[in-house]
Amino acid sequence: MAQQSGVNDSSKPSKVENLLTLDYNNLTSDAVGPENGLEAGDLTSLKGLLTAAAKDFNARRKKGLLPFADLPTDTEIPKACRKLADSGRKKYENVVVLGIGGSALGTSAVFKALRPLNHNIQEDKKRGWPRLFVADNIDPEGFLAILEETDLSKTLFNVISKSGATAETMSQFMIVHDRLRKSLGAEAIKEHLLITTDPENGVLRRLVQSQGLSALPIPPGVGGRFSVFTAVGLAPLAMAGVNITDLLAGAAKAVEDFAAPPMANKALLFAGLNYLMTTQKNRTNLVMMPYADSLSRVADWFGQLWNESLGKAELLDGTRAAIGQTAIKALGATDQHSQLQLYMEGPRDKTICFIGVDDFRNQIKIPAVFKDQGELSYLCGRGLGELLNFERLGTARALAENGRPSLSLTSPKLTSASLGYLMQTLMLSTVISGSLYRINPLNQPGVELGKKFTYGLMGRKSYEDMAERYHQGKINKKYIVP
Ligand code: PA5
């Protein structure tokens with residue numbers, strides 16, 4: 001059975017229930033001991049902290065300061081994206097996203113989770129939807145490989161940049177624009193470009209207006225890493241055949257469930273438990289470890305969400321600090337054979353978050369061959385998914401017995417709705433974590449300085465001082481090994 005084979009939207013969501021379970025037994029002192037885990041008193045104090053954080057969240061949401069939380073119930077943009085998908089399905093063989101960071105990671109995560117893992121290499125007829133490439137780097141070799149793979153005349157390039165100024169995306173755009181013009185002519189360009197950017201500001205929006213390009217808006221108050229449920233993610237995903245209606249229905253359910261009391265509220269608890277583990281148990285790293293290939297990019301997406309949102313040098317009151325919990329990506333069972341040794345016996349600075357799926361969409365049975373081999377007979381007739389899930393459970397238990405805390409997020413099945421629920425829960429949780437740490441989770445001032453040095457080195461006007469400052473940096477040849 002193919003995974004989500006050619007499903008797209010009717011705009012009526014399927015039934016959404018029982019989408020995610022949070023199990024934090026292995027974070028408690030009962031499982032990992034009082035030095036490593038949380039005690040009943042910690043959980044009691046957490047209740048108060050979470051109640052205050054939720055109150056703060058709801059007040060800010062009411063003032064319109066957290067529009068990401070209302071995206072799942074928007075109908076206008078999803079409708080436009082579904083329409084695009086319907087017409088694009090016949091017209092294009094490929095959709096190529098030009099975007100980076102929050103303009104790319106959510107799309108990659110959902111695409112990998114919800115379309116068959118072989119989507120891009122399936123025959124056109126079987127696939128039924130355009131192939132989707134997310135060009136989120138400027139490595140010339142990687143970008144050229146995508147351009148060579150995609151026939152320009154059958155490709156839609158979706159240029160996505162909220163600021164409309166990001167060097168990586170704009171460079172890609174300039175290359176593509178030039179190639180389209182040279183090979184298809186200036187008029188035909190419009191058929192092959194879709195711009196997703198701020199509704200009013202930025203160079204991209206100006207180009208949309210001056211060149212009459214098709215465009216979709218990114219709501220001004222929604223930052224890149226919270227934008228997967230805007231046109232940023234929805235347009236390319238719908239065009240690749242993802243059921244965005246169910247994705248949003250799952251996300252909407254997560255927002256609905258966010259009204260639950262603290263100790264029954266997954267978004268609040270995920271934030272609160274990790275906050276306590278970081279601040280009281282020195283678990284300054286959070287290893288996100290899905291046990292499903294299809295969820296591996298969700299761990300990448302989460303890495304940006306958690307790290308860029310929570311890694312801050314300043315508290316809300318201006319006090320200098322160095323806040324954050326480093327999200328690290330791992331994949332089960334693969335990384336049991338590369339990283340697990342460290343998690344079992346290395347520094348006691350990590351919480352592991354397992355992400356599991358009870359029932360895989362595709363199954364493979366291990367045939368009953370080599371039954372006579374004692375070391376292999378236990379595998380005969382069992383499912384690969386069953387083995388993977390027992391490895392997840394076994395690893396969690398082994399870590400706990402070694403005083404290594406973990407928690408688990410598990411979905412009965414990976415569906416559009418359960419993925420939407422998981423991602424929205426993690427976004428809500430990130431903003432709640434910001435409140436607990438008393439930092440602003442919605443900005444990213446730390447990435448600016450590196451950009452300025454790049455501008456200086458690239459000779460951008462008005463950044464001459466940055467080039468000078470760069471070259472003033474002391475470089476001692478004795479520390480360079482040729
Ligand atoms: O989360 C963020 O805000 C960033 O990661 C941005 O998404 C990223 O820098 C790309 O920015 P833009 O969409 O403006 O090109």
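The values are calculated or read from the model by the stated rules, or taken from the named source; none is laboratory data. Computed from a predicted model, the values in this text were never measured in an experiment. Positions of Cβ are generated from backbone atoms using ideal geometry, with glycine treated the same way; all protein chains shown enter the neighbour counts. What goes into the accessible areas is simple: the full protein's heavy atoms, side chains included, and nothing from ligands, DNA or RNA. Shrake-Rupley method; radii C 1.70, N 1.55, O 1.52, S 1.80 Å.
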### Query
With respect to Arg89, is the statement that it is open to solvent by less than 50 Å² (accessible area, probe 1.4 Å) and part of a helix (DSSP H, G or I) true?
no
### Task
Kindly provide the set of residues from segment 270-286 that are open to solvent by less than 10 Å² (accessible area, probe 1.4 Å) and either in a helix (DSSP H, G or I) or touching a Gly at 6+ places or on another chain (Cβ under 9 Å) (or both), ordered by number.
Phe270, Ala271, Gly272, Leu273, Asn274, Leu276, Met277
### Task
For segment 187-195, state whether one or more residues are within 13 Å of the ligand (Cβ to nearest atom) and either at pLDDT below 95 or not assigned by TED's automatic domain parsing to the domain that holds Lys162 (or both).
no
## Note on the structure
Given (1) closer than 21 Å to Leu422 by Cβ; (2) surrounded by fewer than 24 Cβ atoms within 10 Å (Cβ to Cβ); (3) within 16 Å of the ligand (Cβ to nearest atom), Val228 misses just (2)
#### Entry: Residue ID - most open to solvent (accessible area, probe 1.4 Å), chosen from residues in segment 202-213 that are over 19 Å from Glu168 (Cβ atoms) and assigned to a loop (DSSP other than H, G, I, E, B)
Gly212
### Task
Answer yes if at least one residue in segment 416-425 is open to solvent by 50 Å² or more (accessible area, probe 1.4 Å), modelled with pLDDT of 95 or more and either within 16 Å of the ligand (Cβ to nearest atom) or of a type in the set (D, E, K, R) (or both), and no otherwise.
no
### Any chance Val95 is within 18 Å of Asn243 (Cα to Cα), open to solvent by less than 10 Å² (accessible area, probe 1.4 Å), away from the ligand (no atom under 16 Å from the Cβ) and touching a residue at least 24 places away in the same chain (Cβ under 8 Å)
yes
### Task
For Glu256, work out the one condition from (1) touching a residue at least 24 places away in the same chain (Cβ under 8 Å); (2) open to solvent by 10 Å² or more (accessible area, probe 1.4 Å); (3) not aliphatic (A, V, I, L, M) it doesn't fulfil.
(1)
### Task
Starting from segment 22-46, keep only residues that are exposed (fewer than 14 other Cβ atoms within 10 Å of the Cβ), then list their pairs with residues that are part of a strand (DSSP E or B) whose Cβ atoms are within a distance under 9 Å, requiring at least 6 positions of separation or different chains.
Glu39/Thr28; Ala40/Thr28
#### Entry: strands (runs of 3 or more DSSP E) wholly inside segment 290-396 that include at least 3 residues being more than 30 Å from Glu35 (Cβ to Cβ) and either acidic (Asp, Glu) or open to solvent by less than 60 Å² (accessible area, probe 1.4 Å) (or both)
350-359
### Task
May I ask you to list pairs of residues, at least six apart or on different chains, whose Cβ atoms are under 9 Å apart, with the first in segment 105-123 being within 14 Å of Val242 (Cβ to Cβ) and the second being surrounded by 24 or more Cβ atoms within 10 Å (Cβ to Cβ) and of a type in the set (D, E, K, R)?
Gly106/Arg225
### Query
Mind checking whether some residue in segment 166-180 is more than 16 Å from the ligand (Cβ to nearest atom), modelled with pLDDT under 95 and either within 25 Å of Lys62 (Cα to Cα) or in a helix (DSSP H, G or I) (or both)?
no
### Query
Counting only residues that are charged (D, E, K, R) and open to solvent by 10 Å² or more (accessible area, probe 1.4 Å), which one in segment 98-126 is modelled with the highest pLDDT?
Lys112
### Task
Looking for whichever is out of contact with any helix residue (DSSP H, G or I) (no Cβ under 7 Å at 6 or more places or on another chain), among the hydrophobic types (A, V, I, L, M, F, W, C) and assigned by TED's automatic domain parsing to the domain that holds Thr169 here; the options are Ala104, Ala85. Which one fits?
Ala104
### Query
Which helices (runs of 4 or more DSSP H) sit wholly inside segment 98-157 and have at least 2 residues that are within 16 Å of the ligand (Cβ to nearest atom) and among the aliphatic types (A, V, I, L, M)?
105-114
